[in-house]
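The values are calculated or read from the model by the stated rules, or taken from the named source; none is laboratory data. Here the structure is a predicted model, which is why all the values come from computation and not from measurement. Here the Cβ is made from the backbone with ideal geometry for all residues, glycine too, and neighbour counts use every protein chain on show.
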Amino acid sequence: MKIEKCGFKGKVVAETGISGVGGKNGPNARLVARREIEDFVRNIVAEIEAAEAAGAVDDAEAIADHLNANGVTTRKGRSWTGVTVAKFLRSPGAKRYRSRY
């Protein structure tokens, strides 16, 4: 992510073009965080669907193994487990971007 300092007290302008982010408590912090989460969800869904299309996976544990083997981590940087994959796939966010569920 391209980050530039500008304006009053070095506020941050991310590549999203939203000024005044200013960290966790900036006026647009929720919007930026939501976009980052949605990008993460879209990327994981795309990775899972590509693996499913290739026939590489068929259950949550196999998906977790595939994600871990490709170096894909959770948002917190942790490894995937069958349980975390199952919870992710049941989440409203994943369902929104999934082509089938």
query = Is it the case that A56 is surrounded by 10 or more Cβ atoms within 10 Å (Cβ to Cβ), closer than 25 Å to R35 by Cα, at pLDDT below 90 and over 13 Å from the mean Cα position of the chain (by Cα)?
reply = no
query = Identify, please: which residue in segment 74-90 is within 18 Å of E38 (Cβ to Cβ) and either loosely packed, with under 12 Cβ neighbours inside 10 Å or touching a residue at least 12 places away in the same chain (Cβ under 8 Å) (or both) and is, among those, farthest from the chain's Cα centre (by Cα)?
reply = R90
